[in-house]
Amino acid sequence: MSEAVCVACSHKIDAAARVCPYCGANPQTGEKIDTEALLRETFQPRAEQSRAEGVLEFARQRQGIVVLVGVVVAFLILAALHQFVTARNANAVASGPAVPLTDITDLSNQAVQVQPQPMPKLDFQYDGNSKTMRTFIVESGAVTPPEVIAAQQAAARQAAAQKTAVANAAHPAPAGTPAQPPIRPPARPR
Ligand SMILES: [Zn+2]
């Protein structure tokens, strides 16, 4: 790399340089180039902008601030709207018919939800005769336990006694006849 010396500032610079990087002058002749005029020629200054253009330019340069201000303004508008609606609803009377609170909160009176699920199809072969299915399910040769039989008979006796008592109260029996036949003791299964 050959070196040359700038005439204007006497710095060592590259020989191929057209302009001295230190002083900006021509290294051979030492005369300076008017860069201001060149710059002015290349980048022409803008014409005087109007006030609206100035505002737009300001907004373009500071987009963050503009977005922030827009968000704040939108929030204030929404808050004011909400305040207005709240104040209006505080004392305004609805013109529609009143709706009971249970229509909204009570789910048990909704027919669709309390509807029982349909019975799934069962693959038992009882051909529509439920008796067949019952004998199919109940164990053959099963014996009712004696205490269960005794309880059933006691319940039946009580029911019969209540029935006769009600009948006697409605139609009193003539005197001299027994109110009801004596109850026989239940036959114990062997
Ligand atoms: Zn120079």
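Summary of values
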{"quantity": "Estimated FRET transfer efficiency when R0 is 41 angstrom, pair A17-A52 (beta carbons, to 0.05)", "calculated": "0.30"}
{"quantity": "Point-charge dipole on Cβ atoms (K/R +1, D/E -1) for the range 3-42, about Cα centre, debye to 20", "calculated": "60"}
{"quantity": "Two-site label geometry, Q63 and V166: point separation in nm, points 7 Å out along Cα→Cβ", "calculated": "8.9"}
{"quantity": "Relative exposure of T42, T102, T164, judged by other C-beta atoms within 10 Å (fewest first)", "calculated": "T42, T102, T164"}
{"quantity": "Segment L122-C9, length gained on full extension (0.36 nm per residue, minus Cα span)", "calculated": "29.8 nm"}
{"quantity": "Potential extension, T105-A79 segment - 0.36 nm per residue separation minus Cα distance", "calculated": "6.4 nm"}
{"quantity": "Over the range 3-42: Rg over Rh, Cα atoms, Kirkwood Rh", "calculated": "1.04"}
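Read the figures in this text as sums done on the coordinates, not as results from a lab. Computed from a predicted model, the values in this text were never measured in an experiment. Reconstructed Cβ throughout: ideal geometry from the backbone, glycine too, with neighbour counts over all protein chains shown.
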